[in-house]
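Read-outs: derived from the displayed coordinates by stated rules, not from any lab. It should be emphasised that the depicted structure is a prediction, and the values quoted were computed from it without experimental measurement. When we count neighbours, we look across all protein chains shown, and the Cβ atoms used for this are built from the backbone with ideal geometry, even at glycine.
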Amino acid sequence: MTIIDPQNALTDLSGWTAGDDFITKVFQFKDFASAFGFMSEIAIIAQAMNHHPAWYNVYNRVDVTLTTHDAGGVTDKDIKLAQRMEAAFSP
């Protein structure tokens with residue numbers, strides 16, 4: 001796995017921000033059920049990818065942080081999971 005520059009990786013991901021070794025985004029939904037449904041859908045995808053997000057949910061908000069711990073930074077796995085989250089997101 002190759003570490004990629006998080007700043008360059010975000011060109012096609014709207015609303016994501018980058019840190020030194022992670023990317024992050026806050027998703028806002030209309031209510032708790034919508035936020036939890038999103039998390040359930042992404043949990044199945046993440047499990048299939050064997051790549052699990054760090055996330056936090058309160059009511060209609062899901063805060064997501066992605067990094068590949070084994071590689072020590074952002075990799076294609078993070079970008080692919082972020083893209084899947086974007087495809088699943090419906091505010």
Under 5 Å, built H, 5+ apart or other chain: amide partners of THR68: GLY73, VAL74, THR75
Mean-position separation - Cα centroids, region 42-58 and region 25-39, in angstrom: 14 Å
Simple spin-label estimate for GLN28 and ARG61 in nanometres, 7 Å along Cα-Cβ: 1.0 nm
Magnitude of the charge dipole, the chain, Cβ model with Lys/Arg +1 and Asp/Glu -1, debye to 20: 300 debye
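For TYR59, what is the net charge nearby, where nearby means another residue's Cβ is under 14 Å from its Cβ and Lys, Arg count +1, Asp, Glu -1? Please report the intermediate quantities before stating the final value.
Numbers: positive: LYS30, ARG61; negative: ASP31, ASP63.
Cβ neighbours under 14 Å give a net charge of 0.
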Selected from SER14, ASN60, VAL74, residue furthest toward positive end of dipole (the chain; charges at beta carbon): ASN60
Span per principal axis, largest first, for the Cα atoms of the chain (Å): 37, 25, 20
Average Cα contact separation per residue, the chain, under 8 Å, 6 or more apart, as relative contact order %: 37 percent
Dipole of the chain [Lys/Arg +1, Asp/Glu -1 at C-beta], most positive-end residue of ILE3, MET49, PHE36: PHE36
